[in-house]
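Notes to accompany the following structure.
No value in this document is a laboratory result; all are computed from the given coordinates. Bear in mind the structure is a predicted one, so any value in this text is a computation, not a measurement. Cβ atoms come from the backbone with ideal geometry, glycine included; neighbour counts cover every protein chain shown.
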């Protein structure tokens, strides 16, 4: 698995967040998440729509579904 995970390098999968601000200077900047990356797929944090290589609107979460 070392060829696929374990460090930030081109071609490896990543789970990370992009924050607007510096949490080392102000801990409340951790509330300013702009993007989330899961398994190498990038999402807009405000909508959780996939962006980047393959734009795709998300399906409703389970609590948003009727019934």
Residues being surrounded by 12 or more Cβ atoms within 10 Å (Cβ to Cβ) and either within 20 Å of residue 64 (Cβ to Cβ) or in contact with a helix residue (DSSP H, G or I) (Cβ under 8 Å, 6 or more places away or on another chain) (or both) - total across region 34-47: 5
Residue within region 12-25 that is in contact with a strand residue (DSSP E or B) (Cβ under 8 Å, 6 or more places away or on another chain), without any contact (Cβ under 8 Å) to a residue 40 or more places away in the chain and on the phi > 0 side of the Ramachandran plot present: no
